[in-house]
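For reference, the structure is listed below as structure tokens.
The values are calculated or read from the model by the stated rules, or taken from the named source; none is laboratory data. Here the structure is a predicted model, which means the values were calculated and not measured. When we count neighbours, we look across all protein chains shown, and the Cβ atoms used for this are built from the backbone with ideal geometry, even at glycine. Heavy atoms of the whole protein, side chains included, go into the accessibility calculation; ligands, DNA and RNA do not. Shrake-Rupley method; radii C 1.70, N 1.55, O 1.52, S 1.80 Å.
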Amino acid sequence: MSETGGPEHDYEPVPGLPGRLPKGEIILWQGAPVSSLVSRHVMKTRWIAGYFAILVIWNTVAGIYDGRTAGAILFSTAALAIMSALAIGLLEAFAWGVQKTTMYTITNKRVVMRIGVALSATFNLPFTRIVSADMREDKNGAGDIALTLAPGDKLSWLVFWPHVRGFRKGALMPQMICLKDVAIAGNVLSAALAGSRTSAAVSVRTDAPAGKDAVAARAGRRLIEAAE
């Protein structure tokens, strides 16, 4: 796979963008998901590995209880282990593909999401259509930023998955997922939204209660809201 994320991206005039930037527009930040975070948080590989581990233990215990031979127990256990390895391997490969083919871009006028492992697509989300941005950050500084769009935008959940959080008031919420240093992107987006609305108030708040330690505060939920 090429360094741009795939052969279909080799001819992008600007990496991650469908065309050259118009006059007056500049790139403020670019980033992509981390494959290990996609694997763990989106594909739930740890839970799946745990599920298969329980199956292996159950199969072994049941085999002994039923009086099966050691060879039969070993064969069925090996079959389950192989199935587990294949399933987790496929999920890890998909997570790697998400990292390699995704590029998020924040400019002074819009958020651009180039997504799609099998079928690549680029979506422009102008600041004029973004009502708010909801940032979630874990204790390690990684997290997601979900965008609430103004009513009227018809976006497909299947096309955006896994770059979605869900729906708010019936509208799909595109999401920049599994960013290693999500606060950096959140601060850039907050400042850009503030700069694009000269008559608007932009605020950032943390849901973690006052008096909590620094780790708890960073793990809290921050909202970046932009009012028209």
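Excluding ligands and nucleic acids, what accessible area in Å² is computed for residue 127 using a 1.4 Å probe, to the nearest 10? Estimated to the nearest 10 Å², residue 127 gives 10 Å².
Taking each pair of different alpha-carbon atoms in region 13-166 once, compute 1/r for the pair, average those values, and report the inverse of that mean as the Kirkwood hydrodynamic radius in Å to one decimal. List each step's numbers first, then the result.
Working: mean 1/r = 0.0538 Å⁻¹.
It works out to 18.6 Å.
Remark on residue 165: its backbone amide H falls under 5 Å from those of 173, 175, a criterion applied only to residues 5 or more positions apart or on other chains, H modelled at 1.01 Å from N. For the cross-link pairs 23/139; 109/139; 100/139; 44/139, the ones whose C-alpha atoms lie over 28 Å apart are 23/139; 109/139.
Every Cα-Cα pair of region 138-201 was included, and the share exceeding 15 Å stands at 60 percent.
With every protein chain kept in the model, how would you rank 181, 134, 153, 66 by accessible area, 1.4 Å probe, largest at the top?
Numbers: 181 80, 134 0, 153 55, 66 110 Å².
The residues order as 66, 181, 153, 134, largest area first.
The mean sequence separation of alpha-carbon pairs under 8 Å and at least six residues apart, normalised by the residue count of region 21-109, gives a relative contact order of 61 percent. Placing +1 on the Cβ of every Lys and Arg and -1 on the Cβ of every Asp and Glu, with nothing else charged, gives region 49-154 a dipole about its Cα centre of roughly 440 debye.
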